[in-house]
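S.K.: For reference, the structure I am asking about is given below.
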Amino acid sequence: MHSDANLHPLFNPDSIAIIGASRSPGKLGHVILSNLLKAGYRGKLFPVNPAGGIILDTPVFKSISKLPQAPGLGIIVLPREKVLNAMRELANIRVSAICVITAGFRETGRDGFELEMKMANLARKKGITLLGPNSLGLVNTAEGINATIAQAAPAKGSIAFFSQSGALCSAILDWADGEDIGFSKFISLGNKAGLSEADVIEYLGDDPETKVIIGYLESVDDGQRFIRKASIVTETKPVILIKAGTTPAGARATSSHTGSMAGSLVASTAAFRQAGIIQVESLESLFDLARAFSEQPLPTGPNLTVITNSGGPGILAADACGEAGLHLSRPSQATLEILTKVLPPFASIYNPIDIIGDGKADRYRDTFQAVAQDEFTNAILILLTPTASAEVEATAQAIIDVAKTCNKPVFTCFMGGKRIGPGRDMLLQAGIPCYSYPEPAIRAIEAMHSHYRWLNRPYPVEVCFRRDKGKAARAIKKAQKLGISELPFSDAMEIATAYELPIPETRLVRTSDQAVRAAKKMGYPVAIKIVSPHISNRGDIQGVALDLRTPREVRDAWLDITTRAQRKRPDAYLSGCLVQTMGPIKAHEVIIRFTQDPQFGPLISFCLVGLSAEALGDISYRLAPLTLQDAQDIVREIKSFPLLRGARGEEAVNLASIEDILLSISQMATDFPEIQEAELNPILVDADGALVADLRLTIG
């Protein structure tokens, strides 16, 4: 794996200069030096302050030019107006990496943005790895580096965390300290003038100290690059992310926080899915999954066995399994025979296995040992409630002992407070995840199984459809030259034919006489549709007439549609009407759209025509370019898919014909980013194939 940015000097510097080191304990320049000393950094430290002297028993240098050597990493903690000059001085002595803690750049407006761009250009020109500005700093526990302004010191572990929010980093470090969670690397990206999330993920993918990569994102700078890099990393390590700024309010907050533009939720969700990233909605889930992935093997199947000493929590676990798509499998006959011997007659030996409330540590041990060998079990969840007979610490030890010989993932849920605390701590220290409730445990198991499926998915097949790019390009350039945003019907049809989209015979007419002649030549029945660059939804003005079978019906429909359009939309320019051969009568109607997401590029959506999509949000999404599997999945993901498959004895539609259109549209969106939006609505599909009855294209 080759990284575009060299992060080695950032995480493994032979020396570190703190530009703006301070004697005052409350100042950031003092905190960073103190944290580096406490962490046991073995390289050379060069505090820089014009006053000179000694800080924390470390000699201080009065200027960057006085340093005895070029530091591997320079950390800048200066007022905003002094940062650029400090960077220039560090560049002159050929520093390899710079971390800028100082805030007040693009997040503050135009002046700050311009100053940040100068910093980014300088770093790029000089080949300097730049972290920040507006960064909390970074941590590499393997090298004893805690170059942050946080008060809490992270413990060593196998989880790597990165975040665009420095304040969130401080809170997480403090929280992780209390939860005994360790980190391999900890990176605050800040405004990302230099390093981006894609650079960090790629570096951590090769980091031998890191097992699991987690992060908090507010924006993604180059969505397509991010997907490419993350797709490679998720083949070897789980990447778990929480994405903020996905609502209008969140996007505004993101812009004022780091000066970044946030993308839509559906776009980021589609991007994460296609890259194999596990997306979560809360920080609690982020660390629940991180701990599970770092401590347990992946379940190789969906079958979960639950062991409990109380029926209620077992039922909650069963309900959570159903919602998560996991299965409570029936134990094998051999396991049932063992359970019959080791459990009392009134215990439930089926799944969930209820050892009942008077069960002590030996009963948990015997049950766990039997289930651990069960051929139908892929993961095990052990629940304990603090009944009067429960032996909390002895049960925890029994679980730890049996888990050492179990090759399946083991999860626990000790429900309660003060009494279960010691047992919970024992399990966590032994590397066995322990939750307070069944639901987060089930979510962790489901996420791990999903990642297993991702790792073992069929190899993605990319499909390149035949197309006439030159023909499409000429139509687009013609519209751009005329300053038209929505392509006229004739130009849209040119592009459609260039991509070999299946379109019924269609003619644009401007009078009722032309409509009658066109219908006669094409053959009845026909449809008539209003055409206007200002009317995007014909249904709003009843601008469509279907199944017209005589010249009189065609003429009446023409007059009716054009009169209604003029009355309801007097501001709209009417180009005429389309006369179109009718598609199959019993066809299903579907819609395929794409829009250009500002972060991730072409976002393709699929749904059925009707209220199920508009009111209930029954729409599936993917980002272009689509693979064959993507095209198949996007069709099958909508809740109304059974209608296409053939519900209540109806004939199934030709799904391959829909997939072909999706792949052609994906190719179009990838070939021409200047096409801002496209809508194929409706597409008529039945058992014989699909027809694109209407097409709208908008260019930028």
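The values are calculated or read from the model by the stated rules, or taken from the named source; none is laboratory data. For clarity, every value in this text was computed on a predicted model and none was experimentally measured. Ideal geometry is used to build each Cβ from the backbone, glycine not excepted, and the neighbour counts take in all protein chains shown.
S.K.: For the range 47-80, name all the residues that are without any contact (Cβ under 8 Å) to a residue 40 or more places away in the chain and in contact with a Pro (Cβ under 6 Å, 6 or more places away or on another chain).
M.R.: Selection gives Ile55, Thr58, Val60, Lys62.
Conditions tested, residue by residue: (1) farther than 18 Å from Ala150 by Cα; (2) crowded, with 20+ Cβ neighbours inside 10 Å.
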residue	(1), (2)
His30	no, yes
Asn35	no, yes
Phe46	yes, yes
Val60	yes, yes
Pro71	yes, yes
Ile76	no, yes
Asn85	yes, no
Leu90	yes, yes
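S.K.: Output the residues belonging to the range 319-338 that are more than 21 Å from Gln369 (Cα to Cα), assigned to a helix (DSSP H, G or I) and aliphatic (A, V, I, L, M).
M.R.: If the condition is that a residue be more than 21 Å from Gln369 (Cα to Cα), assigned to a helix (DSSP H, G or I) and aliphatic (A, V, I, L, M), then Ala320, Ala324 are the ones that fit.
S.K.: Condition check: of a type outside the set (A, V, I, L, M, F, W, C) and in contact with a Lys or Arg (Cβ under 6 Å, 6 or more places away or on another chain). Does Gly72 satisfy that?
M.R.: It is false that Gly72 is of a type outside the set (A, V, I, L, M, F, W, C) and in contact with a Lys or Arg (Cβ under 6 Å, 6 or more places away or on another chain).
S.K.: Filter the range 123-150 for residues that are assigned to a strand (DSSP E or B) and either of a type outside the set (A, V, I, L, M) or closer than 20 Å to Gly194 by Cα (or both) and give the result.
M.R.: Once the filter is applied, which keeps residues that are assigned to a strand (DSSP E or B) and either of a type outside the set (A, V, I, L, M) or closer than 20 Å to Gly194 by Cα (or both), the range 123-150 yields Thr129, Leu130, Leu131, Gly137, Leu138, Val139, Asn140, Asn146, Ala147, Thr148.
S.K.: In addition: Quickly run through the range 499-521 and pick out the residues that are among the hydrophobic types (A, V, I, L, M, F, W, C) and in a helix (DSSP H, G or I).
M.R.: Matches in the range 499-521: Ala515, Val516, Ala518, Ala519.
S.K.: Here are some residues: Ala198, Ala176, Ala123. Which one is among the small types (Gly, Ala, Ser) and over 23 Å from Asp221 (Cβ atoms)?
M.R.: On the way: Ala198 fails: over 23 Å from Asp221 (Cβ atoms); Ala123 fails: over 23 Å from Asp221 (Cβ atoms).
Testing whether each residue is among the small types (Gly, Ala, Ser) and over 23 Å from Asp221 (Cβ atoms) leaves just Ala176.
S.K.: Another question, if that's okay. Only residues that are in a loop (DSSP other than H, G, I, E, B) and crowded, with 22+ Cβ neighbours inside 10 Å: list them for the range 151-171, please.
M.R.: Of everything in the range 151-171, those that are in a loop (DSSP other than H, G, I, E, B) and crowded, with 22+ Cβ neighbours inside 10 Å turn out to be Pro154, Gln164.
S.K.: Further question: Consider Pro50 against the criteria (1) more than 26 Å from Ala155 (Cα to Cα); (2) touching a strand residue (DSSP E or B) at 6+ places or on another chain (Cβ under 7 Å); (3) not polar (S, T, N, Q): it satisfies all of them except one. Which criterion is unmet?
M.R.: The failed condition is (2).
S.K.: Out of Leu508, Leu548, I need the residue that is in contact with a helix residue (DSSP H, G or I) (Cβ under 7 Å, 6 or more places away or on another chain) and either polar (S, T, N, Q) or in contact (Cβ under 8 Å) with a residue 40 or more places away in the chain (or both). Which one?
M.R.: On inspection, the qualifying residue turns out to be Leu508.
S.K.: Let me ask something else about it. Tell me, which residue of the range 416-444 that is surrounded by 15 or more Cβ atoms within 10 Å (Cβ to Cβ) and assigned to a loop (DSSP other than H, G, I, E, B) is farthest from the chain's Cα centre (by Cα)?
M.R.: Once the filter is applied, the top-ranked residue is Ile420.
S.K.: Using the structure shown, decide if Ala496 is hydrophobic (A, V, I, L, M, F, W, C), outside any strand (DSSP E or B) and closer than 24 Å to Ala475 by Cα.
M.R.: Yes; evaluated as a whole, the condition is true for this residue.
S.K.: When you scan the range 602-700 for helices (runs of 4 or more DSSP H) that lie fully inside it, which ones turn up with 3 or more residues that are among the small types (Gly, Ala, Ser) and in contact with a strand residue (DSSP E or B) (Cβ under 7 Å, 6 or more places away or on another chain)?
M.R.: Numbers: elements: 611-614, 628-636, 641-645, 655-671.
Ranges flagged: 655-671.
S.K.: With Val609, Val544 as the choices, which residue is buried (at least 18 other Cβ atoms within 10 Å of the Cβ) and at pLDDT 90 or above?
M.R.: From the options Val609, Val544, the qualifying one is Val544.
S.K.: Another one. Asp374: part of a loop (DSSP other than H, G, I, E, B) and of a type in the set (D, E, K, R), yes or no?
M.R.: Considered against the rule, which asks whether it is part of a loop (DSSP other than H, G, I, E, B) and of a type in the set (D, E, K, R), Asp374 comes out as yes.
S.K.: Follow-up question, since we're still on this one. When you check Asp319 against the structure, is it out of contact with any helix residue (DSSP H, G or I) (no Cβ under 8 Å at 6 or more places or on another chain), in the same structural domain as Ala372 (by TED's automatic domain parsing), without any contact (Cβ under 8 Å) to a residue 12 or more places away in the chain and of a type outside the set (A, V, I, L, M), yes or no?
M.R.: When the stated conditions are applied, Asp319 passes them.
S.K.: So which residues in the range 445-487 are surrounded by 16 or more Cβ atoms within 10 Å (Cβ to Cβ), assigned to a helix (DSSP H, G or I), of a type outside the set (Gly, Ala, Ser) and over 24 Å from the mean Cα position of the chain (by Cα), if there are any at all?
M.R.: Ile476
S.K.: Sticking with this structure for a sec: How about the range 202-240: which of its residues are under 16 Å from Ser268 (Cα atoms), in contact with a Lys or Arg (Cβ under 7 Å, 6 or more places away or on another chain) and surrounded by 24 or more Cβ atoms within 10 Å (Cβ to Cβ)?
M.R.: Answer for the range 202-240, where residues must be under 16 Å from Ser268 (Cα atoms), in contact with a Lys or Arg (Cβ under 7 Å, 6 or more places away or on another chain) and surrounded by 24 or more Cβ atoms within 10 Å (Cβ to Cβ): just Leu217.
S.K.: Free of Cβ contacts under 8 Å to residues at least 60 places away in the same chain and either assigned to a strand (DSSP E or B) or farther than 15 Å from Arg363 by Cβ (or both): is that true of Thr395 in this structure?
M.R.: Considered against the rule, which asks whether it is free of Cβ contacts under 8 Å to residues at least 60 places away in the same chain and either assigned to a strand (DSSP E or B) or farther than 15 Å from Arg363 by Cβ (or both), Thr395 comes out as no.
S.K.: Further question: So if I check each of Cys413, Cys406, which one is surrounded by 15 or more Cβ atoms within 10 Å (Cβ to Cβ), under 21 Å from Gly322 (Cβ atoms) and either touching a strand residue (DSSP E or B) at 6+ places or on another chain (Cβ under 8 Å) or of a type in the set (Gly, Ala, Ser) (or both)?
M.R.: Testing whether each residue is surrounded by 15 or more Cβ atoms within 10 Å (Cβ to Cβ), under 21 Å from Gly322 (Cβ atoms) and either touching a strand residue (DSSP E or B) at 6+ places or on another chain (Cβ under 8 Å) or of a type in the set (Gly, Ala, Ser) (or both) leaves just Cys413.
S.K.: Right, here's the next one. Report, by residue number, each residue of the range 433-475 that is touching a strand residue (DSSP E or B) at 6+ places or on another chain (Cβ under 6 Å) and at pLDDT 90 or above.
M.R.: Across the range 433-475, the qualifying residues are Pro433, Cys434, Tyr435, Pro438, Ala441, Ile445, Ala447.
S.K.: Using the structure shown, decide if Ser536 is closer than 24 Å to Ile592 by Cβ and not aliphatic (A, V, I, L, M).
M.R.: Against the criterion (closer than 24 Å to Ile592 by Cβ and not aliphatic (A, V, I, L, M)), Ser536 qualifies.
Okay, residues lined up against (1) crowded, with 19+ Cβ neighbours inside 10 Å; (2) of a type in the set (S, T, N, Q); (3) free of Cβ contacts under 8 Å to residues at least 40 places away in the same chain:
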position	(1), (2), (3)
Leu603	yes, no, no
Pro625	yes, no, no
Ile638	yes, no, yes
Arg645	no, no, yes
Ala656	no, no, yes
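S.K.: Continuing with this model, one more query. In a helix (DSSP H, G or I) and buried (at least 19 other Cβ atoms within 10 Å of the Cβ): does that describe Ile380?
M.R.: The answer is no for Ile380.
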